[in-house]
Structures are given as C-alpha cells and as structure tokens.
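To start, the structure under review is shown below, and the notes come after it.
The values are calculated or read from the model by the stated rules, or taken from the named source; none is laboratory data. Given the structure is predicted, the values throughout are model-derived calculations rather than measurements. Neighbour counts are summed over all protein chains in view; Cβ atoms, including those assigned to glycine, are modelled from backbone coordinates with ideal geometry.
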Amino acid sequence: MVNQGQPQTMRFVVAAIRMSFRRNLQYRGQHMINNVASAIFGFIYMAIWRSVAQAGTGEPGYTALSLVQYIMVNQCLMWLTTFDRYGVLLAGRVRDGTIGSDLMRPVGFMALQMGQIYGGKLYNFFFRTLALVAIFALAVGMQPPAGSIPLVVAAIITATHIGSLMVYFVGLAGFWTVETGWLYILFQTMTILIGGPSVPLDFMPAAVAAVARVLPFACIGYYPSSIYMGLLGGEALLIMVVWAVILTLVAINVTRRARRRAEVVGG
Amino acid sequence: MRPSAAAYVRTFLVLAKSGLRERMHYKANFLITSLLRGLTALADFLIVAVILMRFRVVDGWDMYEVALLYGLASLGNAIYHVAGREMEQIERYLVSGDFDAILVRPWPTLFTLLARKLDFGRLGNGVQGLVVTVIGVNELTRRGALAGWEHVYLFLIPLTSAAIIFAVALATAAAGFWLIRTDDLQVFTTYAPVTASYYPLSIYPGWLKGMLYTLIPMAFGNYLPVRYLLGKGGSPWVLLLAPVVGALALWLAYRLWLTGETRYQSTGS
C-alpha cells in the first residue's frame with residue numbers, strides 16, 4: 001500500500017468524523033425523545049439514592065444531594081462512553097464482506113473506524129449529553145464541575161477515547177465470530193455492574209471495589225464522574241490515561257491481526 | 001373465509017418451532033446471548049441489592065420485597081419480549097415498505113407480524129426473573145408475609161405485567177403508522193417505564209408516578225398488587241382491577257393499531 005503520510009490520514013479521519021456527525025444529525029428529532037427516556041433512567045436511580053440516603057450515607061464526601069449529582073453526571077457521560085452500537089454495525093459489515101472497501105482505502109483501517117466512532121461521539125456530545133445536561137439543570141438543578149476544569153475536560157476526553165475503543169473492539173470481534181451482539185451486551189453489563197455509573201465504587205463491597213478500581217470499566221464511569229465532582233484528582237486521571245494507552249496499543253495489535261485474517265478468508 | 005382459532009394456534013406453533021430451530025443453528029451463540037441478556041437484566045437488581053445491603057430499605061421496602069417486585073416485572077417483560085420482538089421492529093417495516101408483505105397475508109396483520117419471529121433469546125431474562133422471584137418468595141413466605149392463596153395470585157402478576165407492557169408497545173408501534181420513526185419513542189414509552197416498575201413507585205416524583213398510573217399504567221402490572229399482597233397498603237380491589245386494566249389496555253392498543261393500519265402508505269419505491 002502506498003504510504004500517503006500523516007496529513008493525508010488526518011484528512012481522512014476528519015472527513016470520517018464529519019460524515020458520521022452528519023449521518024447522526026438526520027435523526028436528531030427522534031434522539032430528543034430518546035433523551036427524555038434517558039433522563040427517566042437517571043431519575044429512577046436519583047429517586048432510589050434520594051430515598052435511601054436521606055438520613056446520611058455513612059461515606060465521607062457523599063450526601064443524598066451529591067449522589068443525585070453523581071447519577072446525573074454519569075447519565076450524561078454514558079452517551080459519550082457506553083451507548084454506541086457502531087461496533088455491532090461494523091461487525092455486520094465484516095460478516096457480509098462490505099468491509100472490504102474500507103480495508104482497501106489508502107488510510108489506516110483503525111484510524112478510519114475510530115474517526116467514524118469519534119464523529120458519533122461528537123454528535124452525542126452536542127445532541128445527547130448537552131441535551132441531558134439541560135434537562136437535568138432545569139428539572140433537578142445539575143451543578144457545574146466541582147473539580148478543576150482542565151482535569152475534568154481531560155477526564156471526559158480520556159473516558160470517551162476508552163469508550164470508543166470498547167466500541168471498536170466489538171467491531172473487531174466480527175473478524176473472528178459470526179455474532180458480536182453478545183460482546184456489546186457484555187461490555188454494557190460490566191460497565192453498569194462494576195464501572196460505577198449507578199453506584200459509586202465506594203459503596204460497593206470492599207473486595208468488589210478493589211478489583212473494579214483497577215479495571216478499565218471504572219475509567220468510563222466512576223473516575224471521570226468523581227473527578228467532575230471534585231472527589232478525586234490527578235491520580236484518577238493517571239489510571240485512566242494508563243488504561244487508554246494500554247487499550248490503544250492492544251487495538252493497534254488486534255487490528256493488524258484482523259487485517260491479516262481478512263486477507264486469509266477473503267473478507 | 002376467516003381462519004379458525006385452531007388454525008391460528010397451529011400456524012403460530014409451526015412458526016415458533018421454526019424460529020427456535022433457526023436460533024439453534026448457532027447454539028453456542030444463542031446460549032451465550034441468552035445468558036448475557038439475563039445477566040444484563042439482573043444488573044439492574046444487583047445494583048439495587050448492593051445499595052440495600054448497606055441501607056437496608058428503600059422507602060420501607062427491603063431487599064426481598066424489592067426482589068419480588070423486580071422479579072415479577074422482569075418475568076412479565078421476558079414474556080412480552082419473546083412474543084413482541086417483531087412489533088419492536090415496526091420502524092424497519094414501515095421505512096422499507098416491507099409492511100406491504102404483511103398486508104397481503106390472509107391473517108390479521110398483527111398476528112402475521114408477531115408470528116414472523118419469536119425471540120427465544122429473551123428466555124435468559126425470564127430465567128433470571130424467575131430466580132429473583134423465587135428468592136423473594138422464599139424469604140417472604142418464611143417470614144409469613146406471603147401465604148396460601150397469595151402464592152397463587154403471584155402467577156397472575158407476570159401475565160398482567162406482560163399484557164400491559166405489550167399494550168404500551170403495541171400502541172407505540174401503532175403510532176408508527178403516523179410517525180414512521182418509533183425506535184426512540186419505544187425507549188420512552190416502554191423501556192424506561194418498565195425499568196421504573198422494577199422498584200417501589202412511591203419513591204418517584206409526582207409526574208413520573210402519575211404517568212405510570214395512567215398513560216403508561218405499569219403500576220397495575222406489579223407494584224399495586226404486590227404492595228397489597230405484602231400488606232403495604234391499597235385496596236383488595238386492586239387484585240381484580242389489575243388484570244382488567246391489562247385487558248382494557250390491550251383492547252385499546254389493538255383498536256389504535258387497526259385505525260393506524262388504515263393510514264399505512266407504502267414507500268412507493
């Protein structure tokens with residue numbers, strides 16, 4: 001393959017981001033209805049926490065009010081980190097062979113796919129996350145970040161990158177298995193159970209919390225929201241960055257193997 | 001000539017068998033997906049169980065009482081999902097014009113649509129719902145909170161729940177004849193209210209409670225009957241009213257479907 005160089009690759013990635021953003025834009029009307037539903041999911045856990053923690057939480061740094069904020073932040077973040085079916089669609093294209101056209105492009109396969117995923121995330125930021133922030137701000141009074149703004153921004157970007165890689169892994173699995181829906185479900189389940197979007201890890205049984213803290217799922221729920229709320233600082237961001245680097249390297253390596261495999265089986 | 005009731009049952013069973021055979025082509029995938037779907041559904045309960053391990057009660061309901069509420073709704077949701085899979089795909093039929101093929105069959109359109117595919121992959125949700133229900137029932141029976149005929153009534157609750165969820169989903173699908181796009185509307189009318197029904201409705205803000213008692217009457221599926229059975233309030237009439245609400249909701253939703261059907265326009269392509 002002819003090496004077109006970094007600027008060429010960047011142009012393709014930016015084009016992929018723009019295309020993906022515009023594709024999503026067509027459905028913004030329906031997504032607004034979905035945002036109200038998403039807010040209801042948030043209200044459910046807010047109501048549970050408000051009810052149980054009225055008389056105190058027994059956990060330093062947390063009050064009933066801060067737990068309600070924690071749920072709101074996570075519900076907004078999940079549109080950047082967790083809810084994304086692009087990986088399943090990508091795996092479908094591997095299965096029906098149409099992925100061949102992507103593999104033939106004069107640009108890295110991973111860069112192109114990550115561009116598509118980032119485009120979806122960028123759309124979600126404007127039309128899902130910010131819409132939810134507006135709903136929560138009006139309905140419950142969502143507060144601005146209590147943590148340092150640069151740290152919060154870095155945490156959100158890192159969490160979005162880790163979430164994007166998870167989506168990409170679901171798509172890559174299509175090179176090895178017929179059906180990847182189960183991997184997407186597994187990713188969501190692990191995130192909900194031990195990523196801390198509904199229960200801060202500090203409230204989990206000690207052994208579960210100890211394991212969950214060192215897994216990447218905490219990097220898309222517990223860590224970024226705790227940084228937003230000023231409960232954790234740079235040390236949490238460091239764990240997130242380490243996981244982002246590890247997962248990126250794994251993704252590069254698996255992409256190389258996937259390309260070889262596609263060439264062997266004919267796409 | 002209209003098909004007989006026996007013909008409906010026969011046809012449905014044939015299609016159900018073929019659907020199950022299709023799923024079993026990829027046995028490992030079918031089992032893993034079912035298991036994971038069950039685990040995902042269970043995650044909602046595990047999260048609340050973790051909270052209740054620390055705080056003991058949520059608005060007067062302890063872990064086993066919430067388990068009963070959650071398990072029964074989860075069973076109802078699984079029953080609905082096995083049968084209602086294609087109804088959730090209505091947007092695809094309307095956008096592509098594939099609904100034409102449904103209209104030309106000699107069966108009512110809803111029957112043809114539902115019979116096209118039964119989603120046995122959702123049985124995993126049913127199994128986890130059953131397990132959580134049994135855990136709740138065992139403990140509540142041991143305490144004497146549930147006894148005798150109340151156990152018999154428990155069998156009716158998932159059916160009422162399934163009927164109400166089905167009715168809401170059917171009304172949403174029927175709205176598709178006017179709106180075309182319904183996928184996101186389903187999340188609002190069905191998924192979010194079903195999740196809300198897993199927990200005591202008394203904890204929610206007034207507007208959400210109001211919605212779950214009237215427009216999307218999930219309260220009658222599990223919360224109101226379970227609340228009465230556990231001696232937490234309400235009238236005994238609710239045990240009779242709940243299945244009536246389920247039947248009425250189904251009838252109203254089906255009327256809306258029939259009305260919507262007359263508005264269907266193909267894609268013209």
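Each residue in segment A:188-208 was checked for being more than 10 Å from every other protein chain (Cβ to nearest Cβ) and either out of contact with any helix residue (DSSP H, G or I) (no Cβ under 7 Å at 6 or more places or on another chain) or in a helix (DSSP H, G or I) (or both), and 4 of them qualify.
Each residue in segment A:133-176 was checked for being over 21 Å from the mean Cα position of the chain (by Cα), of a type in the set (Phe, Trp, Tyr) and in a helix (DSSP H, G or I), and 1 pass. For segment A:85-99, a tally of residues being farther than 15 Å from A:Ser164 by Cβ and surrounded by 13 or more Cβ atoms within 10 Å (Cβ to Cβ) returns 6. Each residue in segment B:103-130 was checked for being out of contact with any Lys or Arg (no Cβ under 7 Å at 6 or more places or on another chain) and closer than 22 Å to B:Arg23 by Cβ, and 11 of them qualify.
If you take the residues of segment B:199-216 that are more than 8 Å from chain A (Cβ to nearest Cβ) and not in a helix (DSSP H, G or I), which of them is nearest to B:Gly126 (Cα to Cα)? Walk me through it before giving the result.
Start the filter on segment B:199-216 by keeping residues that are more than 8 Å from chain A (Cβ to nearest Cβ), which leaves B:200-202, B:206-207, B:209-216.
Cutting the leftovers down to not in a helix (DSSP H, G or I) gives us B:200, B:214-216.
Details: B:Pro200: 21, B:Thr214: 26, B:Leu215: 26, B:Ile216: 22 Å.
Filtering segment B:199-216 for residues that are more than 8 Å from chain A (Cβ to nearest Cβ) and not in a helix (DSSP H, G or I), the one nearest to B:Gly126 (Cα to Cα) comes out as B:Pro200.
Scanning segment A:212-239 for residues that are within 14 Å of chain B (Cβ to nearest Cβ) and either farther than 14 Å from A:Gly163 by Cα or among the β-branched types (Val, Ile, Thr) (or both) yields a single hit, A:Ala212.
Against the test of being farther than 29 Å from B:Val238 by Cβ, surrounded by 19 or more Cβ atoms within 10 Å (Cβ to Cβ) and at pLDDT 90 or above, the options B:Leu146, B:Leu118, B:Leu94, B:Leu140 yield a single qualifying residue, B:Leu94.
Is it the case that segment A:103-112 has a residue that's of a type in the set (Gly, Ala, Ser) and more than 19 Å from A:Thr81 (Cα to Cα)? Looking for residues that are of a type in the set (Gly, Ala, Ser) and more than 19 Å from A:Thr81 (Cα to Cα), one finds at least one in segment A:103-112, hence yes.
Do we find that B:Leu42 is touching a helix residue (DSSP H, G or I) at 6+ places or on another chain (Cβ under 8 Å), facing chain A (nearest Cβ under 9 Å), closer than 19 Å to A:Gly195 by Cβ and surrounded by fewer than 20 Cβ atoms within 10 Å (Cβ to Cβ) in this structure? Before you say what the answer is, go through the steps one by one.
Working: touching a helix residue (DSSP H, G or I) at 6+ places or on another chain (Cβ under 8 Å): yes; facing chain A (nearest Cβ under 9 Å): yes; closer than 19 Å to A:Gly195 by Cβ: yes; surrounded by fewer than 20 Cβ atoms within 10 Å (Cβ to Cβ): no.
Against the criterion (touching a helix residue (DSSP H, G or I) at 6+ places or on another chain (Cβ under 8 Å), facing chain A (nearest Cβ under 9 Å), closer than 19 Å to A:Gly195 by Cβ and surrounded by fewer than 20 Cβ atoms within 10 Å (Cβ to Cβ)), B:Leu42 does not qualify.
Do any helices (runs of 4 or more DSSP H) entirely within segment A:7-119 hold 3 or more residues that are away from chain B (no Cβ under 14 Å), of a type outside the set (D, E, K, R) and touching a residue at least 24 places away in the same chain (Cβ under 8 Å), and if so, which? Outline the logic, then answer.
On the way: elements: A:28-52, A:64-81, A:86-96, A:100-104.
Per the criteria, A:64-81, A:86-96.
Looking at B:Tyr64, B:Tyr80, which is the one that is hydroxyl-bearing (Ser, Thr, Tyr) and either facing chain A (nearest Cβ under 7 Å) or under 19 Å from the mean Cα position of the chain (by Cα) (or both)? Even if it seems obvious, please write down each step before you answer.
Numbers: B:Tyr64 fails: either facing chain A (nearest Cβ under 7 Å) or under 19 Å from the mean Cα position of the chain (by Cα) (or both).
Answer to the check: B:Tyr80.
Return the total of residues in segment B:139-194 being touching a helix residue (DSSP H, G or I) at 6+ places or on another chain (Cβ under 6 Å), within 12 Å of chain A (Cβ to nearest Cβ), in contact (Cβ under 8 Å) with a residue 12 or more places away in the chain and assigned to a helix (DSSP H, G or I). Total satisfying the criteria: 9.
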